[in-house]
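Attaching a single structure in structure tokens format; questions to follow.
The values are calculated or read from the model by the stated rules, or taken from the named source; none is laboratory data. Being a predicted model, the structure only gives us computed values, none of them experimental. Cβ placement follows ideal geometry from the backbone for every residue including glycine, while neighbour counts extend to all protein chains displayed.
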């Protein structure tokens, strides 16, 4: 695939196609970023955007990972000392997951977000942005009503980070879309040039296929999970034998999270996917393309139980290096 195809594969939105094509034409040395609040351990949402960062590195981009310690503090995720400890662990997990260490720059928000120039620019944005506009931008991230002043400062800082990190491209999940649109609307008022954005999909709830996967509202997958945990969660996942599942009892549209994880996590990282089956059930199936696996599931050639078994194995292989990092940190803490 060409550079543009690699840069944009498996994204939900490109803002704008013209700007990103221009980057793809001369990608070497260009800088892209994702910002992460250091809270907890890497989960499947982090891993999805990390897959896109790996794509960008393979296309020639330098990657900046913002370990957003100030944002985490504003969002009530602990003291700076606690947040910094989590951030150091996350940094090691990202490298273990597959980011190229030589092409990845890790930056703490506190390294530049407390500087006078940044703070004065932030105050300018506070003056020029309405409360309603900042609240709309934060709503998807926080998952509810913004109850504190810090929650409306938070998206203004994200809008400004893209300038201060000297970036060419901003990357995030679809839950970051409103913040990126805020960036494109308001930073030109400070005399800065807005940047293009890529938005990755949100994986559906594992057990229902409705809404998004979240540890706060249901079952999630993370680098804390053991091999047995992953197998148990995947085996219990919603996986109808069709790519267009029926709505739930309340009329909500469903997605197939098993197919989504194959598409966005497994196929980007493995050249071939093998579904092991006993000879009496037709023997192993080998896939080089996601669409072939999805078509076999829909036709009945591939049983959901066999698909889940393969998915659990490949996810476990992806998670294992990050799990080992957690074990190392736990061992250090015990000493």
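Tally the residues that are part of a helix (DSSP H, G or I) and touching a residue at least 60 places away in the same chain (Cβ under 8 Å), restricting the search to region 55-71.
The qualifying residues number 4.
Specify the residue that is surrounded by the most Cβ atoms within 10 Å (Cβ to Cβ); the eligible residues are those in region 39-49 that are part of a helix (DSSP H, G or I) and in contact with a strand residue (DSSP E or B) (Cβ under 8 Å, 6 or more places away or on another chain).
Among those that are part of a helix (DSSP H, G or I) and in contact with a strand residue (DSSP E or B) (Cβ under 8 Å, 6 or more places away or on another chain), it is 44.
Here is a yes/no grid of residues against (1) touching a residue at least 60 places away in the same chain (Cβ under 8 Å); (2) more than 18 Å from the chain's Cα centre (by Cα); (3) in the same structural domain as residue 233 (by TED's automatic domain parsing):
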position	(1), (2), (3)
158	yes, no, no
173	yes, no, no
179	no, no, no
182	no, yes, no
189	yes, yes, no
193	no, yes, no
206	no, no, no
219	no, no, no
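Could you check region 80-104 and list, in sequence order, the residues that are touching a helix residue (DSSP H, G or I) at 6+ places or on another chain (Cβ under 9 Å), under 23 Å from residue 56 (Cβ atoms) and surrounded by fewer than 15 Cβ atoms within 10 Å (Cβ to Cβ)?
100, 101
Return the residues of region 209-230 that are in contact with a helix residue (DSSP H, G or I) (Cβ under 9 Å, 6 or more places away or on another chain) and farther than 21 Å from residue 325 by Cβ; say none if nothing qualifies.
Answer for region 209-230, where residues must be in contact with a helix residue (DSSP H, G or I) (Cβ under 9 Å, 6 or more places away or on another chain) and farther than 21 Å from residue 325 by Cβ: 209, 212, 213, 214, 219.
Right, something else. Given the condition out of contact with any helix residue (DSSP H, G or I) (no Cβ under 9 Å at 6 or more places or on another chain), crowded, with 16+ Cβ neighbours inside 10 Å and either farther than 27 Å from residue 82 by Cβ or touching a residue at least 60 places away in the same chain (Cβ under 8 Å) (or both), answer yes or no: does some residue in region 112-127 qualify?
no
Hey, another quick one. Name the helices (runs of 4 or more DSSP H) wholly inside region 74-146 in which the number of residues that are within 22 Å of residue 325 (Cα to Cα) and at pLDDT 95 or above is 1 or more.
80-97
Name the residue that is surrounded by the fewest Cβ atoms within 10 Å (Cβ to Cβ), counting only residues in region 268-290 that are free of Cβ contacts under 8 Å to residues at least 24 places away in the same chain and in contact with a helix residue (DSSP H, G or I) (Cβ under 9 Å, 6 or more places away or on another chain).
If we take residues in region 268-290 being free of Cβ contacts under 8 Å to residues at least 24 places away in the same chain and in contact with a helix residue (DSSP H, G or I) (Cβ under 9 Å, 6 or more places away or on another chain), then 285 is surrounded by the fewest Cβ atoms within 10 Å (Cβ to Cβ).
Another question, then. If I filter region 183-200 for residues that are under 17 Å from residue 136 (Cα atoms) and buried (at least 23 other Cβ atoms within 10 Å of the Cβ), do I get at least one hit?
yes
Go through (1) in a loop (DSSP other than H, G, I, E, B); (2) in contact (Cβ under 8 Å) with a residue 40 or more places away in the chain; (3) more than 19 Å from residue 122 (Cα to Cα) for residue 167 and report which single condition fails.
Of everything listed in (1) in a loop (DSSP other than H, G, I, E, B); (2) in contact (Cβ under 8 Å) with a residue 40 or more places away in the chain; (3) more than 19 Å from residue 122 (Cα to Cα), residue 167 misses just condition (3).
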